[in-house]
Amino acid sequence: MNIVRVTAGLLMLVFASSGLAQKDQLLSEEQILQIITSLQERYTEINGYTCTFYKQERIDGEMNPRETIFMKFRKPFQLYMKWIEDPYQGRELLYKKGWNEEKVRVRQHSFPYLTVNVSPTGGLAMKGNRHPVTEAGLGNTIDIIVSDYQRGQSRPADTVRYFDRGTDTLYDEKVRCIEAVMPKDPESGYYSHRALICISKKTNLPVQVKIWDATNTLVENYGYANIQMNPGLTNEDFFPENPENKF
């Protein structure tokens, strides 16, 4: 029996049955476990992917403009990103675990168009970012969702709750959105106070994640559009000498 397909089928039942998951209804432990398990198992089927990644983060109290990035990712961790719209159109980034002394290679988007190698956690790489590139990608997003779920399961007194927020269309895909509500106390160890997670009905992968802090201020808004799973990425896709790149 194909356990992944069975689990995915159970998830679709949760999504499709209005008797089980009506909008704004509190999800049962069984329902959220099915969703979490499906996310994990779906990602194990993926060796690599391409997508359009949307990123918007609040830095020093101000919400930055949305960034639009073409992303290529291959396991275990090879990442190429190219900014395809303003404000950073033309910027390119390459990071491969175990390569380049664990540094990120970045080509700047404006004159003098320098290519530099920087630490992923250094000041230059982190400027205008809440996270290093080593935390980018669908896998890390799913890991955070799973980690918060497991933490809530191990600490029932925290009363972590998951709500069905109905269906929507995002990036031309039908999605089901759930909202996780965690304790407000930052010392509780959860990633955030609230998280809205919208999952594609087609791929069972997250296509949007919004994060609110303890003051209910939106601090992160991420999107994954046009996800192409297992597109046959090779080492050449992550060579700095690749003629499609401009490093």
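Values in this text are rule-based calculations from the coordinates and carry no lab data. Because the structure is predicted, anything quoted here is derived from the model rather than measured. In this analysis, Cβ positions are derived from the backbone assuming ideal geometry, glycine residues included, and neighbour counts consider all displayed protein chains.
Some notes on this structure:
- Net charge dipole size for the range 46-247 [Lys, Arg +1 and Asp, Glu -1 on Cβ; Debye, nearest 20]: 280 debye
- Around the Cα centre of the range 103-156, unit charges on the Cβ atoms of Lys, Arg, Asp and Glu (plus for the first two, minus for the last two) sum to a dipole of about 180 debye.
- Listed as lacking a disulfide-compatible partner in the chain: C51, by the criterion of no other cysteine Cβ under 4.7 Å.
- Unit charges at the beta carbon, dipole of the chain: most positive-side option, I46, S154, Q34: I46
- Out-of-range pairs (alpha-carbon distance over 31 Å; input K75/K174; K127/K202; K55/K97; K202/K246; K55/K201): K127/K202; K202/K246
- Relative to its Kirkwood radius, the Cα radius of gyration of the range 141-232 gives an Rg/Rh of 1.00.
- Compared with the alpha-carbon gap, the fully stretched path from L124 to S110 is longer by 3.5 nm at 0.36 nm per residue.
- Cα-based shape type of the range 71-198, given that a ≥ b ≥ c are square roots of the gyration tensor eigenvalues and the cut on a/c is 1.5: prolate
- Per-selection metrics, the chain (Cα): Rg and Dmax in Å: 18.8, 59
- Selection from M229, L93, A125, by position along the positive dipole direction of the chain (Cβ): M229
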